[in-house]
1. Could you put A:Glu115, A:Glu158 in order, starting from the residue whose Cβ has the fewest other Cβ atoms within 10 Å?
2. Taking 8 Å as the Cα distance limit and 6 or more residues as the minimum spacing, I'd like the relative contact order of chain A as a percentage.
3. At each listed q (0.09, 0.13 Å⁻¹), what is the log10 of I(q)/I(0) that the Debye formula gives for the protein assembly as shown modelled as equal alpha-carbon point scatterers?
4. Evaluated at 25 °C with a viscosity of 0.890 mPa s, what Stokes-Einstein diffusion coefficient in µm²/s does the range A:70-190 have when Rh comes from the Kirkwood expression over alpha-carbon pairs?
5. Looking at chain A as a GNM with Cα springs under 10 Å, which of A:Ala162, A:Ala106, A:Ala39 has the largest mean-square fluctuation?
6. Hey, could you pull the Cα Rg and Dmax for the range A:5-47, both in Å?
7. In a shell of Cβ-Cβ distance under 12 Å around A:Val210, excluding A:Val210 itself, what net charge do Lys and Arg (+1) and Asp and Glu (-1) give?
8. If we count every other residue with Cβ under 14 angstrom of B:Arg63's Cβ, Lys/Arg +1 and Asp/Glu -1, where does the sum land?
Amino acid sequence: MQPPRALWVPFELGRPVGAPEDAGFQRRVVTAALGLLDAAFGPVLTDYPEDAPPDGGDGAMDEGWTCPVSFAAPEANAPDTFAAKVSAEAAQLKPWHEAWKRRKGASGIGAAGAEVEALAAFIGALADGGDPPSPVPGADMAQSLKLAVNDLMTYYQEGANAQPGATGGSKAINDWFWGQTVLGKALLRIRVQASQSDDPKLAAVAGRLVLPHVAAAYAGE
Amino acid sequence: MARLSDMPETLQKHMRALPLPAYDATPFVQGRPLAERRVALVSTAGLAMRGEAPFGMGAADYRVIPGDAGPGDIVMSHISVNYDRTGYQRDWNVVLPLDRLREMARDGAIGSVAAHHYSFMGATDPAAMAPAAAEIARHMMADGVDAVLLLPV
């Protein structure tokens, strides 16, 4: 491609400036990138030499951390449906999401323009094989699925990271989300079911834009 | 860009198969010292101001991030699920380092921070984004911007 000036960084995909909550690290990355403007000749492609520190600080082991979110067992007479179980799980996570909002002053939820409860019920019903009405104003089923996943995953990730001992690392969060949560299992189910849908747009979203590559191991692929 | 070796094998394969656009020339210009420049950010993270329309599949348009925006004003709606979002959730500067730019302007490391910044949703053919990019460039020139940091997510 040969852009005029480029800084290659060795950071995790999704973190172009490298390290959250580390202003000094971020400042060094931004300074290195903007410093390429001083180059007299180009194109310039420079490797950034510093790895991002591990989540949770020096010595933290993202792989060894277990998310302490523990969901209470469902009531004995609760319906054995994804709709009921995802809704119950999302409700159990709510106090921790509230804690996240208090700590950060904000939440990244909002793309869907609908309440978490409605999104959880929608995803659960889809996983049950139903044809629920969209909770997302003005959106078709494919858009609704995508935006519901967008906001629910943010809700779960923020809530989990509000818990004591959380390192904020993506590996641990992925292990927890795809390995332990009902929502993760519901999305695995939706990927299989809705990707066979007669609605080509819904099939495309379900097939390609719900599960990340890292979830393949949990899907038995 | 991250290390391919850090990604799941299927994602590595996908990344290696992505077409790389070829350009006839590499424009290369020099300008004022960094300490005199007005700097803007352009992200591909699918960022929009809260309440704006989210990005959808194939979106080639952009959203404007006002220079005085804060992290609670912004919502991410990138269609990809194949990158980490927990870093961004903890600190928006890991994607859009606007706080760092503001500090650098206060310290005199850069001249000033642009009045507006911009976001695309990067999972789109770059050629489709060209008209929007040209439009953004015109807005930047009107704002006196003479340095842009592109931040692919």
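Readers should treat all values here as calculations from the given coordinates under stated rules, not as data from a laboratory. On a predicted model such as this, the values are computed, not experimentally measured, just so you know. All Cβ positions, even for glycine, are placed from backbone atoms using ideal geometry, and neighbour counts span all protein chains on display.
1. Least crowded to most crowded, the residues run A:Glu115, A:Glu158.
2. 20
3. The computed values of log10 I(q)/I(0) come out as -0.52, -1.09.
4. So the translational diffusion coefficient is about 168 µm²/s.
5. A:Ala39
6. Just the Cα atoms of the range A:5-47 yield Rg and Dmax of 11.2, 35 Å.
7. That sum, taken over residues with Cβ under 12 Å, equals +4.
8. Net local charge, B:Arg63 excluded: -3.
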